[in-house]
Each structure stands twice: as structure tokens, then as C-alpha cells.
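Have a look at the structure below before the remarks.
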Amino acid sequence: ETGVTQTPRHLVMGMTNKKSLKCEQHLGHNAMYWYKQSAKKPLELMFVYSLEERVENNSVPSRFSPECPNSSHLFLHLHTLQPEDSALYLCASSQDIYSGANVLTFGAGSRLTVL
Amino acid sequence: GQQVMQIPQYQHVQEGEDFTTYCNSSTTLSNIQWYKQRPGGHPVFLIQLVKSGEVKKQKRLTFQFGEAKKNSSLHITATQTTDVGTYFCAGSNSGSARQLTFGSGTQLTVLP
């Protein structure tokens, strides 16, 4: 158990579906992140939240919508996705977003397949 | 923007051989981190280097941060099958995780 739990672990959805990915961290961290990991590409940072406030949004298409109701929970709402959005979506947390407290603890990931 | 290049992309070694992966940044880094991702798993933090010229060891793993803080390396001595996985470096020019840029990773295969 990594301290960061992601559900579901696997998700298959059609392009017209709406689904959500959930992440929960039990580490008392103040920052949470969504990363996308595609085959043969570096990890791509999608969103960063610090104390429930979004501090980074790296030009992610609006079909991905994050939500952070509190510092322990993070969601990624998905709708009208494209097949190229198929990837492993990793949630991570860190003590804070500031220097010296920036080591990431990753969840096991949600493997998304868009048909 | 900041770029972090990592080579090689793939490395196959015979068990017992040494292995090295290299990381180069287009800008001076505040710190660099290394992560390992086992097949089917998720990245797990290994170590963070902060000081220019810093060298840290973890058993058979040796991590170096260049004098100019623009490059880093991970060296594994006498690889074992448990070393299999993808090794990622990740650097930040501000020290903040919100600006952490990952390298593309080196996938290590260890042949028994």
C-alpha cells in the first residue's frame, strides 16, 4: 500500500461516456497531482492542486476536468474522450509544492482505454 | 521550456553486469530526483540530489549530480533481476514539484 489509492485500476469507456477517476492520499500531504503516462512518452503533468486550490493546468483539453474537494481527495472527470487519451493516469501527492518538500508519492494508476 | 533528456531509452544487460543511465537538462536545475517503475507498476521515489557534484549511494546504486547541475547519472553495479524496470530522472529549476520535468526513462532488462 503506497499511501495513495487510485480507483478504478482499469477503465474502458466509449467516446461518449462520462466517467471519473478517484484518488485518495493518506499521508497528510498538502499537494496532489494528476500525471498522464503514455507509451514511449515522458510523464506529463496535467494538474496540480495545493490545499485544494488549482495551481497548475498544463494546457490540458477541457474534456479532462479535475476536482479537489479537500486536500486528501482528487478526482479527474472524463467526458467525450478520444482514443488517443488511452493511457495510464497517475495520481501523486507531495508534502507541499515548495522546494524541499517536493518528493512525489504515486498511486498505482488507473489504466484507461477509450474505444 | 525546460527539457530533460535521458539516455539510453533501452538497455539489456546480463545479470552481474553494470548499468548506467544518463540525464541531461537544457537548464540549470535546483534539484534532481530519480524514480523506478517496475513493469506494470508505478514510479517509486529513489533519491533526490541537491548539491553541485553530489554523489549518493544506496547499496549497489550510485547517483551523481553534475558540477554544473545540468546532468545526472544513475549507476548500478552488478545488476540483479530485481533491478528490472524503468528508471526516470526528474528535474526542477525552481525546486518546486509543480515544475518537475521527467525524462523519458531508461527501460532496463536484466537477462539471467
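Bear in mind these aren't lab numbers, they're just calculated from the coordinates by the rules spelled out. Not measured: the values here are computed from a predicted model. Virtual Cβ from ideal backbone geometry, glycine too; neighbours counted across all protein chains shown.
List of remarks:
- Positive-end residue, chain A charge dipole about Cα centroid, Cβ charges, pick of A:C91, A:S50, A:Q37: A:Q37
- Under a model in which nothing but the beta-carbon of Lys, Arg (+1) and Asp, Glu (-1) is charged, chain A shows a dipole of about 480 debye around its Cα centre.
- At full extension, A:R9 and A:H73 could sit 21.4 nm farther apart than now, given 0.36 nm per residue minus the alpha carbon distance.
- Cβ distances below 4.7 Å define possible disulfide partners, and in the protein assembly as shown the cysteines left without one are A:C68.
- When the trypsin sites (Lys or Arg not before Pro) in segment B:36-110 are filtered for DSSP coil states and for at most 15 other beta-carbon atoms within 10 Å of their beta-carbon, the remaining sites are B:K51, B:K59, B:R60.
- Reducing segment B:78-110 and segment A:52-115 to their Cα centroids gives an inter-centroid distance of 19 Å.
- Its relative contact order, with pairs defined as Cα atoms under 8 Å and 6+ residues apart, puts chain B at 37 percent.
- Placing a pseudo-label 7 Å from each Cα along the Cα-to-Cβ vector at B:R60 and A:K40 gives an inter-label distance of 3.0 nm.
- Those residues of segment A:68-88 whose amide nitrogen sits under 20 Å from the label point placed on A:E52, 7 Å along Cα→Cβ: A:68-77
- Given +1 at the Cβ of Lys and Arg, -1 at the Cβ of Asp and Glu and no other charges, the dipole of chain B around its Cα centre is 380 debye to the nearest 20.
- For segment A:6-109, applying the loop criterion from DSSP together with a ceiling of 14 other beta carbons within 10 Å to the GluC sites (Glu not before Pro) yields no site.
- Mean Cα-pair separation over length for chain A, i.e. relative contact order, pairs under 8 Å, 6 or more apart, %: 37
- Which listed pairs, of A:K41/B:K69; A:K18/B:K70; A:K19/B:K69; A:K22/B:K69; A:K36/B:K70, have C-alpha distances above 31 Å, in listed order: A:K18/B:K70; A:K19/B:K69; A:K22/B:K69
- Along the axis of the charge dipole computed for the protein assembly as shown (Cβ charges of +1 for Lys and Arg, -1 for Asp and Glu, origin at the Cα centre), the listed residues B:L61, B:S94, A:S71 are led at the positive end by B:L61.
- Calculated FRET value between A:T113 and A:R63, using beta carbons and R₀ = 22 Å, to 0.05: 0.90
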